[in-house]
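Inspection log for the structure reproduced underneath, given as structure tokens.
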Amino acid sequence: MNEYLQDAANVGIGLAILLVILAAGAFVFSKLTRYNDSEQIAAGNQAAGMYMGSKLLGLCIIVAMVSYSSDDWVSMLVWSAVGIVILCLVYLIFDFLTPRFKVCEQIEQGNLAVAQLLRAVIIGVSIVIGTFLM
């Protein structure tokens, strides 16, 4: 029975860490954009919702892979923070490599094509980075 309680405690701790990481990621991601994410999503901007959802999904992918290979909670937190930084860098690099348009402006205008392209890049990079961090 102790074994089940320990497993349940580990799941609870893991979920708490995931929620902290997602909250930190959402905060950092929202500071990176030039528009107000929550206002855009509340107004029904599908591109903004898709983009924020993609960043959080990407972060979940990284956290899942990190948690699978981590021996302790501290390393899971550290490597998940690295994941947040990497996803921020992906956004900055993508914005730099697309000089014909600014990503934030396109998302704010509701450009779903840009949001879908970013979603694919973010999820793909998250899978690759997650495997590097394993």
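The values are calculated or read from the model by the stated rules, or taken from the named source; none is laboratory data. Keep in mind the model is a prediction, meaning the values are calculated, not measured. Every residue, glycine among them, receives a Cβ derived from its backbone with ideal geometry; neighbour counts consider all protein chains shown.
If you check L87 against the conditions, is it closer than 22 Å to N36 by Cβ, out of contact with any Leu (no Cβ under 6 Å at 6 or more places or on another chain) and surrounded by fewer than 13 Cβ atoms within 10 Å (Cβ to Cβ)?
When the stated conditions are applied, L87 does not pass them.
Please indicate, with yes or no, whether at least one residue in region 20-33 is surrounded by 14 or more Cβ atoms within 10 Å (Cβ to Cβ), outside any helix (DSSP H, G or I), at negative phi and not small (G, A, S). Talk me through it step by step, then tell me what you get.
In the first step, residues of region 20-33 are kept if they are surrounded by 14 or more Cβ atoms within 10 Å (Cβ to Cβ); the result is 21-22, 24-26, 28-30, 32-33.
With the extra rule that they be outside any helix (DSSP H, G or I), the set shrinks to 33.
Pick out the ones that are also at negative phi and you get 33.
Adding the requirement that they be not small (G, A, S) leaves 33.
Checked region 20-33: at least one residue is surrounded by 14 or more Cβ atoms within 10 Å (Cβ to Cβ), outside any helix (DSSP H, G or I), at negative phi and not small (G, A, S).
Kindly indicate the residue of region 1-22 that is farther than 16 Å from G83 by Cα and hydrophobic (A, V, I, L, M, F, W, C) and also modelled with the lowest pLDDT among those meeting that condition.
M1
So which residues in region 34-52 are touching a residue at least 12 places away in the same chain (Cβ under 8 Å) and either in contact with a Leu (Cβ under 6 Å, 6 or more places away or on another chain) or part of a helix (DSSP H, G or I) (or both), if there are any at all? Give the steps one after another, and end with the answer.
Here is the first cut: in region 34-52, the ones touching a residue at least 12 places away in the same chain (Cβ under 8 Å) are 34-35, 37, 40, 45-48, 50-52.
Selection gives D37, Q40, Q46, A47, A48, M50, Y51, M52.
Quick check: is even one residue across region 87-98 within 27 Å of I13 (Cβ to Cβ), of a type outside the set (K, R) and in contact (Cβ under 8 Å) with a residue 40 or more places away in the chain?
Yes: one or more hits.
Let's see how each residue does on (1) acidic (D, E); (2) closer than 23 Å to A16 by Cβ:
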site	(1), (2)
A64	no, yes
S69	no, yes
D72	yes, yes
M76	no, yes
A81	no, yes
V85	no, yes
L92	no, no
R100	no, no
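Conditions (1) of a type outside the set (A, V, I, L, M); (2) closer than 24 Å to G44 by Cα, marked per residue:
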| site | (1), (2) |
| --- | --- |
| K55 | yes, yes |
| S69 | yes, no |
| L77 | no, no |
| A113 | no, yes |
